[in-house]
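Asks: Structure below; questions to follow.
What follows draws every value from the coordinates through simple rules; no lab data is involved. All values derive from a computational prediction rather than experimental measurement. We place every Cβ from the backbone using ideal geometry, glycine too, and count neighbours over all the protein chains shown.
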Protein chains: 2
Amino acid sequence: MNETVKPRLFRGLRDLLPQQMAARQWIIDTIRGVYELYGFAPLGTPAVEFLDVLSGSAGSDVQSSIFTVGNPDRDKDPGDEALGLRFDLTVPLARVVAQYSELPRPFRRYQVSQVWRADKPGPGRFREFTQFDIDSVGVDSWLADVEIIAAMCDTLSALKVGAYQVRFSSRKVLNLVLKFAQVPEELRVKVRVQTGPDSFDYKSVTRPATDVFRVLDKLDKAGLEKVRRELTRGYTDESGDEIPGLGLAAEQVDRIEKFLSIASPKRAEVLQQLYSTFSGVHGAREEIDAVAGMSEQLTELGYDDDRVVLDLSIARGLAYYTGPVFEARLLDAPQFGSVFGGGRYDELVTRFSGERIPATGASIGVDRLLAALLDLERIDSRKTPAKVLVCSIDSELGREYAAMAFELRRAGIPCELYLGSKGIGKQVKHGDALGIPIVLMYGSDERAKGTVTLKDMAAGRKVSDKLGKREEWIRQRPGQVEVPRDQLVQAVRRMLE
Amino acid sequence: MNETVKPRLFRGLRDLLPQQMAARQWIIDTIRGVYELYGFAPLGTPAVEFLDVLSGSAGSDVQSSIFTVGNPDRDKDPGDEALGLRFDLTVPLARVVAQYSELPRPFRRYQVSQVWRADKPGPGRFREFTQFDIDSVGVDSWLADVEIIAAMCDTLSALKVGAYQVRFSSRKVLNLVLKFAQVPEELRVKVRVQTGPDSFDYKSVTRPATDVFRVLDKLDKAGLEKVRRELTRGYTDESGDEIPGLGLAAEQVDRIEKFLSIASPKRAEVLQQLYSTFSGVHGAREEIDAVAGMSEQLTELGYDDDRVVLDLSIARGLAYYTGPVFEARLLDAPQFGSVFGGGRYDELVTRFSGERIPATGASIGVDRLLAALLDLERIDSRKTPAKVLVCSIDSELGREYAAMAFELRRAGIPCELYLGSKGIGKQVKHGDALGIPIVLMYGSDERAKGTVTLKDMAAGRKVSDKLGKREEWIRQRPGQVEVPRDQLVQAVRRMLE
């Protein structure tokens with residue numbers, strides 16, 4: 001015999017054993033059901049793509065997150081192109097839209113697939129995970145964005161997550177704050193540069209106005225004071241690092257703060273504050289009108305303030321999005337953060353075809369949602385689909401056991417025929433450990449009488465808890481019924497009701 | 001603007017557009033439904049595994065089929081282990097069984113996942129494809145094998161593939177032929193070896209007795225005469241290659257041929273011929289009894305000769321299997337070959353734990369099945385789940401369109417709200433191209449009357465075919481009904497019945 005190989009997984013990867021897998025499957029089926037009601041159609045793309053398709057114009061942070069894949073054709077042609085595993089489902093969608101002219105426009109597609117990121121793993125941060133995306137491609141109308149928000153709500157309701165909140169904002173409204181605070185399109189920032197082991201110098205670099213948002217994104221973690229200083233002259237943090245300032249004047253930061261203070265649990269109030277704050281900003285009314293239109297449409301369709309909030313603090317990778325942005329949180333499990341997010345990105349296909357195709361969509365982190373629902377105990381996760389375990393008491397009766405199992409299956413009742421070689425006590429324990437609700441027992445006694453014994457495991461467990469001993473419980477046989485053999489299916493159906 | 005990237009895929013990979021993807025999803029859901037009735041529970045494993053886990057004891061042919069994956073942790077630790085993409089679902093199952101002691105025994109699991117093979121692609125041969133596996137782990141009883149065969153039949157029936165045939169045999173019965181023909185455990189074979197550009201020599205090598213099966217596997221392609229010569233003295237083929245012979249005597253080959261001639265569409269007759277042919281072989285009765293037991297059990301459960309055949313010619317990678325082997329073919333689409341195969345392999349986990357754990361299972365090639373069902377036109381494949389397209393005729397009525405779409409969705413009727421900017425003719429064409437059965441039209445006329453117009457696209461198409469012009473058809477409005485606005489849902493339900 002060869003040496004054995006240690007069974008193990010690479011860091012950041014994991015198996016989903018049946019209990020988690022069943023819960024994941026229920027989540028995916030539920031999401032799929034909602035998305036199909038909206039007319040989204042399924043798309044499948046391979047996990048492996050050309051590296052330039054994946055990374056093309058993406059930033060270097062994305063590029064370093066890609067798992068590379070060996071190209072087997074390089075044996076023959078060493079110059080053949082490099083491959084990688086997809087890191088999201090949006091890039092493959094963009095490629096597909098550019099590649100197949102026969103696709104309808106508008107194109108509504110969903111895709112649920114694994115994606116891979118070669119980032120450092122951590123608690124809840126995996127290197128392979130499942131995304132479930134919807135996107136409407138080829139639609140300018142903000143009705144498409146409303147539909148995405150509505151679909152997010154319907155999905156979370158269908159998943160029975162308890163209370164949730166979808167927050168939305170718009171990149172275009174956020175851009176108004178730059179006008180409002182008169183931030184120039186380009187900022188000159190002094191950055192400290194190391195010139196030797198102990199020497200340094202300052203260099204002036206150009207930053208885009210949107211860097212303001214990058215700084216504002218730190219509000220939660222760093223607090224208002226530090227953000228204020230980073231927007232103006234910069235500061236030196238606790239570890240001695242110099243944080244360069246963006247060079248804004250105090251009055252500019254005041255105006256940004258005025259914008260930041262716009263908040264209300266009522267969308268109509270947020271809109272009113274926006275109209276009044278930006279009353280002097282050219283073009284503001286039009287952008288706010290669009291958001292107001294979305295809000296009214298949402299109200300009309302029954303998506304009210306209790307679950308859809310207009311929250312100007314969400315930013316969601318602004319470099320990427322071009323219009324409305326959305327994200328959703330579970331109010332009973334806030335520690336899981338955003339489980340669902342998206343927005344409008346009108347430059348989707350440009351990288352492949354040069355054509356501008358508007359698109360809007362959202363992505364669910366299935367694994368994070370699974371973790372949250374398991375944590376909330378809001379999901380029925382079973383170790384087996386079987387509802388009945390047909391025990392094997394007497395090896396002479398093997399064919400009768402098989403006949404009973406198949407009778408149940410043909411009646412649509414999932415059933416495990418016990419095929420091991422253990423005694424009846426161990427068989428009942430096997431069923432109990434798997435959470436199978438009914439155990440079927442049939443021996444020479446039952447055979448003589450023309451009956452079958454059905455054990456209701458939940459009823460059995462209650463008595464067992466009282467007695468404290470499993471052995472007693474099996475002997476006492478609570479929750480047990482003996483039914484005529486020819487009434488097996490009806491009896492099981494009744495017990496499962 | 002940066003240069004555009006050409007949208008394209010690596011050789012041997014493909015996208016599944018909505019129509020194929022919907023069919024694939026139906027296949028997977030159907031198979032899952034059957035497997036869950038048998039009590040198989042879902043398992044998920046990552047696509048990326050350590051290379052030694054994947055390839056360990058596997059032959060070099062498997063090793064060269066593995067797509068390698070770059071290990072991102074090698075940046076820090078250049079000695080960190082190599083990674084690859086799984087090439088089947090059996091190796092991950094074996095790893096999981098060895099890794100998690102908490103799993104039940106017997107363990108019934110199903111897994112549907114992508115697998116990757118770096119082989120040369122060809123028509124119908126992809127480098128990424130989907131397998132759907134079931135396995136019963138930890139069971140010696142041949143009842144487990146019977147269940148796999150029954151599950152294969154039930155699956156093919158549920159998939160409505162038309163006539164099919166599951167063929168089974170047993171590695172152990174095949175081994176009897178070696179005894180019967182008195183083939184020694186080791187064969188000495190003379191092989192020609194190239195010693196220089198124009199010189200060669202002969203070398204004697206040892207081959208296992210099971211090499212006989214490797215040769216017998218060529219029967220279909222090479223024919224009896226060539227197989228006979230390869231089993232005896234060898235021959236030179238058309239291209240001048242020397243095919244070495246296994247060195248058997250003519251009488252030995254006669255006995256093998258006698259075995260090969262055992263065939264009948266009736267399992268009982270095959271068994272009878274086996275009993276009489278091997279009557280003098282020690283231990284034969286026991287092995288044949290086991291197969292006879294399987295056959296009787298199958299008959300008792302309703303799996304008769306019309307769909308389950310005992311066929312001694314199937315070999316199915318004998319190096320791997322240790323007991324019964326099975327495969328299934330679609331009789332209406334024989335060109336797709338075996339779409340479903342498996343067998344008993346009792347050395348599953350040995351490589352990881354040193355422990356012998358018996359197991360039996362089967363694997364469906366989902367892509368091959370999909371291709372066959374699409375070819376047979378036996379699968380309902382739609383480009384969208386939407387049953388209704390709500391057209392946008394008058395932009396003033398946008399909110400009413402949205403309200404109607406959401407009303408239908410909330411009634412469980414999948415619906416696309418048209419969000420593009422094309423005219424009504426193009427919108428109807430969009431719905432027609434997607435195969436949406438009902439188009440909803442609502443303009444100022446309908447609004448004034450409090451009605452909605454529903455167009456039955458199938459009825460429309462019939463008339464259109466007659467008229468030969470789509471324009472005519474739209475003008476004529478056949479298959480069109482006008483219903484009260486408040487009866488929208490009921491009317492759509494009636495039309496979809």
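Asks: Per DSSP helix of 4 or more residues, -39500 (n - 2.57); summed, then divided by the residues of the protein assembly as shown. What does that give at 222 nm, rounded to the nearest 500?
Replies: Numbers: 40 runs with 387 residues, N = 994.
My calculation for the protein assembly as shown gives -11500 deg cm²/dmol from helical runs alone.
Asks: How shielded is B:127-137 by partner chains, expressed as the average number of their Cβ atoms within 10 Å of its Cβ atoms?
Replies: Numbers: counts 3, 5, 1, 1, 0, 0, 0, 0, 0, 4, 0.
That works out to 1 on average.
Asks: Across peptide A:404-415, what mean number of C-beta atoms from other chains lies inside 10 Å of a residue's C-beta? It would help to have the intermediate numbers written out before the result.
Replies: Details: counts 0, 7, 9, 1, 1, 9, 4, 1, 2, 1, 8, 4.
Going residue by residue through A:404-415 and averaging, the value is 4.
Asks: Starting from a label point 7 Å past Cα on the Cβ side, list the distances from B:GLN480 to the same position in the other copies, nm, shortest first.
Replies: Label-point distances to the other copies, shortest first: 7.1 nm.
Asks: Angle between the Cα long axis of helix B:267-277 and the longest principal axis of chain B, 0 to 90 degrees, nearest 10?
Replies: Helix B:267-277 sits roughly 10 degrees off the main axis of chain B.
Asks: Mind checking region A:185-236 for GluC sites (Glu not before Pro) that DSSP puts in a loop (not H, G, I, E or B) and that have at most 14 other Cβ atoms within 10 Å?
Replies: Numbers: sites: A:GLU185, A:GLU186, A:GLU225, A:GLU230; in loops: A:GLU185.
Passing both the DSSP loop test and the Cβ count: A:GLU185.
Asks: Using a cut-off of 12 Å between beta-carbons, work out the net charge of the residues near B:ARG228 (Lys and Arg +1, Asp and Glu -1, B:ARG228 not included).
Replies: Numbers: positive: B:LYS218, B:LYS226, B:ARG229, B:ARG233; negative: B:GLU225, B:GLU230, B:ASP254, B:GLU257.
Local net charge: 0.
Asks: Hand me the trypsin sites (Lys or Arg not before Pro) from region A:150-223 located in a DSSP loop with no more than 14 other Cβ atoms within 10 Å, in residue order please. Walk me through the intermediate numbers first.
Replies: On the way: sites: A:LYS160, A:ARG167, A:ARG171, A:LYS172, A:LYS179, A:ARG188, A:LYS190, A:ARG192, A:LYS203, A:ARG214, A:LYS218, A:LYS221; in loops: A:LYS160, A:LYS218.
Within region A:150-223, the qualifying trypsin sites (Lys or Arg not before Pro) (loop, at most 14 other Cβ atoms within 10 Å) are A:LYS160, A:LYS218.
Asks: Let me ask another. For B:GLN272, which inter-copy label distances result when the label point lies 7 Å beyond Cα on the Cα-to-Cβ vector, reported in nm to one decimal and in ascending order?
Replies: 9.4
Asks: Near B:TYR164, within a Cβ-to-Cβ distance under 9 Å, what is the net charge of the other residues, with Lys and Arg +1 and Asp and Glu -1? Please list the in-between numbers first.
Replies: Details: positive: B:ARG307, B:ARG329; negative: B:ASP332.
Once positives and negatives cancel, what remains is +1.
Asks: Could you list, in their original order, any pairs among A:LYS6/A:LYS422; A:LYS429/B:LYS172; A:LYS76/A:LYS120 whose Cα atoms are separated by more than 31 Å?
Replies: Values: A:LYS6/A:LYS422 28 Å; A:LYS429/B:LYS172 34 Å; A:LYS76/A:LYS120 34 Å.
Exceeds cut-off: A:LYS429/B:LYS172; A:LYS76/A:LYS120.
Asks: Other chains near B:101-111: what is the mean number of their Cβ atoms within 10 Å of each residue's Cβ? Walk me through the numbers before you get to the answer.
Replies: Numbers: counts 0, 3, 3, 10, 4, 8, 3, 8, 4, 3, 2.
Average neighbour count from other chains, rounded to a whole number: 4.
Asks: Given a Förster distance of 41 angstrom, what is the FRET efficiency for A:ASP445 paired with B:THR299, based on the Cβ-Cβ distance and rounded to 0.05? The partial results should precede the final answer.
Replies: Details: r = 28 Å, r/R0 = 0.69.
So, using R0 = 41 Å, E works out to roughly 0.90.
Asks: Let me ask something else about it. How many nm is it between the label spots at B:ARG485 and B:ALA82, if each spot is 7 Å from the Cα in line with the beta carbon?
Replies: It works out to 7.0 nm between the two label points.
Asks: Something else about it: How are the alpha carbon pair distances in chain B distributed across 10 Å bins from zero to the largest one, expressed in percent?
Replies: Pair shares across the bins are 3, 14, 20, 21, 16, 11, 8, 5, 1, 0.
Asks: Right, another one. Could you please state, rounded to a whole Å, how far the C-alpha centre of region B:242-269 is from the C-alpha centre of region B:32-98?
Replies: Computed from Cα coordinates, the inter-centre distance equals 38 Å.
Asks: Same structure, new question: 7 Å from Cα along Cα→Cβ at both A:ASP380 and A:GLU257: what's the point-to-point distance in nm?
Replies: 5.4 nm
Asks: Over all alpha-carbon pairs of region B:184-247, lay out the pair-distance distribution in 5 Å bins, whole %, shortest bin first.
Replies: Going from the shortest bin to the longest, the percentages are 4, 17, 25, 25, 16, 9, 4, 0.
Asks: Considering only the other residues whose Cβ falls under 13 Å of the Cβ of A:LYS179, what net charge follows from Lys and Arg at +1 and Asp and Glu at -1? It would help to have the intermediate numbers written out before the result.
Replies: Values: positive: A:LYS172, A:ARG255, A:ARG285; negative: A:GLU185, A:GLU286, A:GLU287.
Overall, the nearby charge balance is 0.
Asks: Give me a comma-separated list of calculated 3J(HN,Hα) values for region A:336-353, in order, Karplus coefficients 6.51, -1.76, 1.60 applied at θ = phi - 60°, integers in Hz, x for any Gly or Pro.
Replies: 7, x, 6, 9, 7, x, x, x, 9, 9, 8, 9, 2, 9, 3, 4, 9, 10
Asks: Once you place label points 7 Å from the Cα toward the Cβ at B:SER421 and B:THR232, how far apart are they in nm?
Replies: Result for the modelled spin labels: 8.2 nm.
Asks: Still on this structure: Run through region A:39-102 and list the GluC sites (Glu not before Pro) located in a DSSP loop whose Cβ has at most 16 other Cβ atoms within 10 Å. Please report the intermediate quantities before stating the final value.
Replies: On the way: sites: A:GLU49, A:GLU81, A:GLU102; in loops: A:GLU81, A:GLU102.
Of the GluC sites (Glu not before Pro), the ones in loops of region A:39-102 whose Cβ has at most 16 other Cβ atoms within 10 Å are A:GLU81, A:GLU102.
Asks: Let me ask another. At B:GLU102, with labels set 7 Å past Cα in the Cβ direction, how many nm apart are the copies from this one, shortest first?
Replies: 4.8
Asks: For region A:90-242, would you read off the P(r) tail past 29 Å as a percentage of all alpha carbon pairs? Kindly include the intermediate steps, with their values, before the conclusion.
Replies: On the way: 5658 of 11628 pairs.
That fraction is 49 percent.
Asks: Please work out the FRET efficiency for the pair B:SER395 and B:ARG8, using the Cβ-Cβ distance as r and a Förster radius of 51 Å; give the result to the nearest 0.05. Walk me through the numbers before you get to the answer.
Replies: Numbers: r = 39 Å, r/R0 = 0.76.
My answer for the efficiency is 0.85.
Asks: Just order B:93-99, A:282-288, B:291-297 by mean Cβ neighbour count inside 10 Å, highest at the front, would you?
Replies: On the way: B:93-99: 23.4, A:282-288: 15.1, B:291-297: 19.6.
Highest to lowest by the protection proxy: B:93-99, B:291-297, A:282-288.
Asks: Along the principal axes of its C-alpha atoms, what lengths does the protein assembly as shown span, in descending order and rounded to whole Å?
Replies: 104, 77, 76
Asks: Below 8 Å between Cα atoms, with a sequence gap of 6+, how large is the relative contact order for chain A in percent? Let's see the in-between values first.
Replies: Numbers: 784 pairs, mean separation 72.1, N = 497.
Worked out over chain A, it gives 15 percent.
Asks: Which is farthest toward the positive dipole end of chain A among A:PRO18, A:GLY302, A:THR232, measuring Cα position about the Cα centre, with Cβ charges +1 (Lys, Arg) and -1 (Asp, Glu)?
Replies: Positive-end residue among those listed: A:PRO18.
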